[in-house]
Amino acid sequence: METFVNRMAAFMAVIATLSTVILMFTVLTDVVVRNLTNNSVPGLLEMAETSLVFAIFFGLAYTGATNGHIAVNLLTNRLPDRLAHWTRAVSWILMSLTLVWLIWATGSRAVDSVSSGETRFGLVEWLLWPSRCAIVVGFTALLIVAVTNCFRLLRGQHVLGYKSTSIDI
């Protein structure tokens, strides 16, 4: 299961990285064209917004699977090891429950968006449902990572991506 989670997170990280590259080139192109012609290229702003959504939400699972998030250990560093471990477990359980709620809320909104063919009007008409679906996919992948970490912590193991050389704040 953990191999699947790590591969899924890595695959999603590749998509997030490609989305970041697309974002970079769309913004660069728009800036250059705007400076040369004093006009914006139709659709580039919308493409940049969509790329940003994919970059953010598809990067969540990788960050969770590599333990790459920012962690402030002010409380857990002062607790006995066993209690600190259970505090981390409760935190991941609460995160999992929150993600279930977020998936339900964003999922119902994505279903509405797909069924209505929701668009955004700017210089061009732009479909919004791909971004709404990307949010649900990103949250779902993060939930898979969170549940995996819950099971690991409940078995007395460290979270995915744990390195004993991590910096404690």
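The values are calculated or read from the model by the stated rules, or taken from the named source; none is laboratory data. Keep in mind that what you see is a predicted model, and the values were worked out from it rather than measured. Virtual Cβ from ideal backbone geometry, glycine too; neighbours counted across all protein chains shown. What goes into the accessible areas is simple: the full protein's heavy atoms, side chains included, and nothing from ligands, DNA or RNA. Shrake-Rupley method; radii C 1.70, N 1.55, O 1.52, S 1.80 Å.
Every condition in (1) closer than 24 Å to ILE15 by Cβ; (2) assigned to a helix (DSSP H, G or I); (3) of a type outside the set (A, V, I, L, M, F, W, C) is met by SER115 except one, and the failing one is (1).
Open to solvent by 30 Å² or more (accessible area, probe 1.4 Å) and either outside any helix (DSSP H, G or I) or touching a residue at least 60 places away in the same chain (Cβ under 8 Å) (or both): is that true of VAL72 in this structure? Yes, satisfied. The residues of region 80-119 that are in contact with a helix residue (DSSP H, G or I) (Cβ under 8 Å, 6 or more places away or on another chain) and small (Gly, Ala, Ser), listed by number, are ALA84, ALA89, SER96, GLY107, ALA110, SER113, GLY117.
Condition test on SER40, is it hydroxyl-bearing (Ser, Thr, Tyr) and part of a helix (DSSP H, G or I)? Taking the combined requirement at face value, the residue does not satisfy it.
Within region 37-55, the set of residues being of a type in the set (Asp, Glu) and under 17 Å from the mean Cα position of the chain (by Cα) comprises just one member, GLU49. Among the residues of region 129-162, those that are over 14 Å from GLY59 (Cα atoms) and of a type in the set (Val, Ile, Thr) comprise VAL147, THR148, VAL159.
In region 122-140, how many are among the hydrophobic types (A, V, I, L, M, F, W, C) and farther than 13 Å from PHE54 by Cα? Selection size over region 122-140: 4.
Can you spot a residue in region 130-143 that is over 18 Å from ALA16 (Cβ atoms), part of a helix (DSSP H, G or I) and open to solvent by 30 Å² or more (accessible area, probe 1.4 Å)?
Looking through region 130-143, none of the residues is over 18 Å from ALA16 (Cβ atoms), part of a helix (DSSP H, G or I) and open to solvent by 30 Å² or more (accessible area, probe 1.4 Å).
Filter region 103-129 down to the residues that are polar (S, T, N, Q) and open to solvent by 90 Å² or more (accessible area, probe 1.4 Å) and list them by number. Of everything in region 103-129, just one residue is polar (S, T, N, Q) and open to solvent by 90 Å² or more (accessible area, probe 1.4 Å), namely SER115.
Taken over region 4-63, the residue count meeting the criterion of being touching a residue at least 60 places away in the same chain (Cβ under 8 Å), touching a helix residue (DSSP H, G or I) at 6+ places or on another chain (Cβ under 9 Å) and open to solvent by 80 Å² or more (accessible area, probe 1.4 Å) is 2.
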